[in-house]
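These notes concern the structure reproduced below.
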Amino acid sequence: MKTIIIIFILSFTNQYVHAEDGHNLWLGNKSTGKVNVVCTQNSATLTIAREELQKGWHGKDGASVVLTIKYDKAIKCDGFKLNSNGVQANTDLGILYGVYELLRRQYTGQSIKGEICNPSYEFRLLNHWDNLDGSIERGYAGRSIFWRKDNPFVVTENDKMLWQEYARANASVGINGAVLDNVNASPSMLTLEYLEKVKAIAEVVRPYGIKTYLSVKFSSPSLIGGLKTSDPLNSEVIQWWKDKVKEIYGRIPDFGGFLVKASSEGQPGPQDYGRNHADGANMMADALKPYGGIVMWRAFVYSPNDKDRAKQAYNEFMPFDGQFRDNVIIQVKNGPVDFQPREPFSPLFGAMKKTSVMPELQITQEYLGQSIHLVFLAPMWEECLQSDTYQEGAGSTVARCTDGSIYPQKHTAFAGVSNIGLDANWCGHTFAGANWYAFGRLAWNNHLTSEKIADEWIKLTFYQTPSEDKNPISFSTDWTKHFLLPVKHMMLQSREAAVNYMMPLGLHHIFAGDHHYGPGPWFAPKGLRPDWTPPYYHKADTNGIGFDRTRTGSDAVSQYHEPLNSQFNNTKTCPEIYLLWFHHLPWDYKMKSGRTFWNELCYHYDEGLQQVRQFQKVWDQAERYVDSERFTQIQSKLRRQCMNAQVWKDACLLYFQQFSKLPIPYNRERPVHDLKDLIEYDMRRP
Ligand code: GCV
């Protein structure tokens with residue numbers, strides 16, 4: 001009887017479903033057949049390649065795959081040539097990347113036609129904002145996988161296992177570097193015991209091609225070196241950095257280099273000693289040069305008294321174009337302010353023509369609902385990468401201005417601020433894993449579409465091949481129609497939905513102070529620097545709303561190359577998605593839709609809320625295709641996202657209505673909260 005009951009239960013259990021906490025990310029799929037791997041060479045990396053094929057093979061049962069290391073000048077860096085029966089590369093790492101691509105294509109049902117795949121960027125890095133006490137700045141998925149407060153220097157077998165899994169996930173999407181500590185760096189990072197720990201991490205991640213890098217504090221020579229100054233032109237300081245670099249390479253021969261946040265948000269920098277960015281960056285670059293190391297020098301700078309924060313990075317860095325060493329790369333955030341839900345691209349892209357420039361994206365969702373909201377970020381990154389800067393004529397996209405296609409920069413790189421922590425599913429939200437995945441895929445190929453990335457990720461993360469199936473993957477019509485397509489549609493809409501319910505039409509930085517989770521357009525405590533308060537950005541008053549960055553305003557438009565300069569300058573030609581970024585508009589301004597600006601704003605906020613409600617419906621209908629653990633976790637997060645979207649809409653519309661003094665269009669849903677309650681409310685509370 002017992003057996004009959006079990007058989008009965010099993011026959012009703014969906015074939016796709018098994019318990020799953022998300023720890024396997026997009027790599028949980030077991031092979032469906034045997035493969036014979038032929039490779040005449042040996043190395044730790046090649047052993048991994050071999051094992052991955054055996055663990056994940058989804059081709060013909062019993063087929064042979066040949067791994068060949070043979071120089072081909074069409075293959076660049078760790079690129080590879082892919083055939084259905086083999087991978088050819090110049091390096092072991094190229095073979096490993098080729099193997100992951102082969103398996104991905106098998107699993108997602110993509111064809112393999114004998115093509116060469118080269119990476120868009122040479123360095124593809126995660127930036128961890130992990131502090132040495134194990135906390136993570138802007139981290140929403142638990143504590144650091146690298147650092148902890150208690151027993152900080154003990155390395156356990158568990159640590160090693162986790163670092164290995166981390167390295168594997170990165171390598172599977174082509175990520176080849178990790179900056180292990182916060183850009184708000186501690187000087188202790190460069191002390192002996194911490195460097196020993198870096199060595200231990202480097203040993204585990206090395207076979208997967210992950211190089212380690214460190215964020216360093218500019219004033220380290222005085223803070224831990226006992227020197228009286230950290231002036232970059234002082235000979236003792238120069239020697240201190242040379243000695244430190246030598247010490248690091250003595251332990252970690254493939255160490256990648258330094259990331260530096262200097263003269264920004266209270267961090268020390270060359271300007272404290274009357275020097276400039278080039279003096280500071282070049283001094284470090286000279287110390288790293290003999291070992292092949294690089295300096296990633298961040299352009300994220302702004303001062304409390306600046307009239308327009310959005311202009312400062314350009315103003316500070318353009319005068320030094322051409323003055324940086326060739327192993328310095330200027331790391332530029334995608335937009336001119338700070339990882340907002342929507343910003344135009346930073347005008348530094350394409351403008352610095354004689355300096356290596358790299359994009360910095362934020363994978364962790366500091367400004368996009370953290371690990372509660374489902375927001376797929378690939379569309380935002382694609383929007384930035386495909387933006388035309390016009391710097392060298394039409395087609396000078398951000399992607400092409402940074403990947404070496406247009407400028408002969410010595411190094412190319414792409415960085416993303418990591419969303420990884422100790423949570424079982426790594427990123428706090430299953431769908432946040434898609435953002436880690438998307439970052440890696442775009443770093444490898446900056447022309448991939450969001451649609452393709454989402455398609456791959458969903459198949460790899462949620463589709464489970466029936467265990468008895470020995471044939472190449474074929475997705476059932478049922479799964480495709482009722483899971484893949486609606487979930488993909490939801491992902492692709494999710495960023496625009498967040499923009500709609502948070503800050504549409506060019507609004508930016510109207511977050512609650514400090515935590516950046518909920519709305520706070522009113523937030524302006526006395527004495528706080530103005531550029532840390534939302535009214536500095538939205539400038540709402542009875543006449544209208546928006547930051548005037550036109551030629552008669554702050555003139556930020558002039559940092560863009562024509563025709564963008566003129567396009568952005570004119571309300572009629574400025575894309576509506578950027579209207580309030582560049583213009584202060586009257587409330588009754590006529591939009592393309594025929595509505596007044598105020599009505600349009602109301603429509604967007606309401607639209608965002610409706611979109612998230614629709615996501616709930618999509619997800620609830622997907623229940624039978626997902627294991628219960630992931631299903632309920634995502635369902636409950638979507639419920640909070642809906643409640644939060646309602647709060648965002650009500651808070652912003654009720655607050656701005658005080659200035660517009662206009663009714664919310666009567667065909668739109670009414671607010672359900674009172675403004676005074678929302679001003680008191682902390683949205684982080686569940
Ligand atoms: C690491 C924003 C964030 C800070 C972050 C900073 C940066 O201001 O809120 O937490 O600091 O950007 O990128 O340096």
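The values are calculated or read from the model by the stated rules, or taken from the named source; none is laboratory data. Just so it is clear, the structure is predicted and the values come from calculations on it, not from any experiment. Cβ: placed from backbone, ideal geometry, glycine included. Neighbour counts: every protein chain shown. We work out accessible area using only protein heavy atoms, side chains counted, and drop any ligands, DNA or RNA first. Shrake-Rupley method; radii C 1.70, N 1.55, O 1.52, S 1.80 Å.
Filter the stretch 550-604 down to residues that are in a loop (DSSP other than H, G, I, E, B) and of a type in the set (A, V, I, L, M, F, W, C), then give me how many there are.
Number satisfying all stated conditions: 3.
For the subset of the stretch 367-391 comprising residues that are within 18 Å of Ala313 (Cβ to Cβ) and in contact with a His (Cβ under 8 Å, 6 or more places away or on another chain), which member is nearest to the ligand (Cβ to nearest atom)?
The qualifying residue nearest to the ligand (Cβ to nearest atom) is Tyr367.
Can you list residue pairs whose Cβ atoms sit under 9 Å apart, with the first residue in the stretch 239-260 being closer than 18 Å to Leu227 by Cα and the second being charged (D, E, K, R)? Count only pairs 6 or more apart in sequence or on different chains.
Filtered contacts from the stretch 239-260: Trp241/Asp286; Lys242/Asp286.
Going by what's in this entry, would Asn445 be described as within 29 Å of Gly98 (Cα to Cα) and touching a strand residue (DSSP E or B) at 6+ places or on another chain (Cβ under 9 Å)?
The answer is yes for Asn445.
For every residue, the table says whether it meets (1) under 30 Å from Ala540 (Cα atoms); (2) buried (at least 22 other Cβ atoms within 10 Å of the Cβ); (3) without any contact (Cβ under 8 Å) to a residue 12 or more places away in the chain.
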site: Phe462; (1), (2), (3): no, yes, no
site: Leu484; (1), (2), (3): no, no, no
site: Glu496; (1), (2), (3): yes, no, no
site: Met502; (1), (2), (3): yes, yes, no
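Conditions tested, residue by residue: (1) farther than 30 Å from Thr533 by Cβ; (2) modelled with pLDDT under 95; (3) within 16 Å of the ligand (Cβ to nearest atom); (4) surrounded by fewer than 16 Cβ atoms within 10 Å (Cβ to Cβ).
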| site | (1), (2), (3), (4) |
| --- | --- |
| Leu227 | yes, no, no, no |
| Asp231 | yes, no, no, no |
| Ser235 | yes, no, no, yes |
| Glu247 | yes, no, no, yes |
| Gly266 | no, yes, yes, yes |
| Asp272 | no, no, no, no |
| Tyr302 | no, yes, yes, no |
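When both residues are 6+ apart or on different chains and their Cβ atoms are under 6 Å apart, which pairs have a first residue that lies in the stretch 177-203 and is in a loop (DSSP other than H, G, I, E, B), and a second that is open to solvent by less than 30 Å² (accessible area, probe 1.4 Å) and among the aromatic types (Phe, Trp, Tyr)?
Between residues of the stretch 177-203 that are in a loop (DSSP other than H, G, I, E, B) and residues that are open to solvent by less than 30 Å² (accessible area, probe 1.4 Å) and among the aromatic types (Phe, Trp, Tyr), the close pairs are Leu180/Phe146; Asn182/Trp129.
Which of the numbered conditions does Lys149 fail, given that it passes all the others? Conditions: (1) open to solvent by less than 20 Å² (accessible area, probe 1.4 Å); (2) over 26 Å from Leu27 (Cα atoms); (3) outside any helix (DSSP H, G or I).
(1)
Sort out for me the helices (runs of 4 or more DSSP H) sitting completely within the stretch 387-491 that have 3 or more residues that are among the charged types (D, E, K, R).
Result: 450-462.
State yes or no: is Leu662 aliphatic (A, V, I, L, M), surrounded by 21 or more Cβ atoms within 10 Å (Cβ to Cβ) and in contact (Cβ under 8 Å) with a residue 60 or more places away in the chain?
Taking the combined requirement at face value, the residue does not satisfy it.
Filter the stretch 285-300 for residues that are surrounded by fewer than 22 Cβ atoms within 10 Å (Cβ to Cβ) and within 16 Å of the ligand (Cβ to nearest atom) and give the result.
The one that is surrounded by fewer than 22 Cβ atoms within 10 Å (Cβ to Cβ) and within 16 Å of the ligand (Cβ to nearest atom): Phe300.
Any residue in the stretch 632-658 that is under 18 Å from Tyr517 (Cα atoms) sitting within a Cβ distance under 6 Å of a residue that is among the small types (Gly, Ala, Ser)? List the pairs, counting only those 6 or more apart or interchain.
Listed pairs, sorted by first residue: Ala645/Gly608.
Give me a count of the residues in the stretch 209-233 that are charged (D, E, K, R) and not in a loop (DSSP other than H, G, I, E, B).
Result for the stretch 209-233: 1.
Could you check, for the stretch 304-315, whether at least one of its residues is surrounded by fewer than 19 Cβ atoms within 10 Å (Cβ to Cβ), on the phi < 0 side of the Ramachandran plot and within 15 Å of the ligand (Cβ to nearest atom)?
yes
Which one is farthest from Ile136 (Cα to Cα), of the residues in the stretch 168-205 that are among the charged types (D, E, K, R) and out of contact with any helix residue (DSSP H, G or I) (no Cβ under 8 Å at 6 or more places or on another chain)?
Glu203
When only residues in the stretch 249-264 that are open to solvent by 10 Å² or more (accessible area, probe 1.4 Å) and away from the ligand (no atom under 16 Å from the Cβ) count, which is nearest to Lys333 (Cα to Cα)?
The extreme case among them is Asp254.
When the residues of the stretch 316-351 are filtered to those that are free of Cβ contacts under 8 Å to residues at least 40 places away in the same chain and open to solvent by 10 Å² or more (accessible area, probe 1.4 Å), which remaining residue is farthest from the ligand (Cβ to nearest atom)?
The residue in question is Gly322.
Pick from the stretch 164-214 the residues that are aliphatic (A, V, I, L, M) and open to solvent by 10 Å² or more (accessible area, probe 1.4 Å): which of them is nearest to the chain's Cα centre (by Cα)?
The qualifying residue nearest to the chain's Cα centre (by Cα) is Val204.
So Leu125 passes all but one of these: (1) assigned to a strand (DSSP E or B); (2) surrounded by 19 or more Cβ atoms within 10 Å (Cβ to Cβ); (3) more than 16 Å from the ligand (Cβ to nearest atom). Which condition number does it fail?
Answer for Leu125: the failing condition is (3).
Looking at Ile136, Ile116, Ile75, which is the one that is within 16 Å of the ligand (Cβ to nearest atom), of a type in the set (Val, Ile, Thr) and either surrounded by fewer than 21 Cβ atoms within 10 Å (Cβ to Cβ) or within 26 Å of the chain's Cα centre (by Cα) (or both)?
Ile136
Condition check ((1) in a strand (DSSP E or B); (2) modelled with pLDDT under 95; (3) in contact with a Ser or Thr (Cβ under 9 Å, 6 or more places away or on another chain)) across all residues:
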position	(1), (2), (3)
His58	no, yes, yes
Leu82	yes, no, no
Tyr100	no, no, yes
Lys113	no, yes, yes
Ile116	yes, no, no
Ala141	no, no, yes
Ile145	no, no, no
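Which numbered condition in (1) more than 21 Å from the chain's Cα centre (by Cα); (2) within 16 Å of the ligand (Cβ to nearest atom) is the only one that Asp159 fails?
For Asp159, the exception is condition (2).
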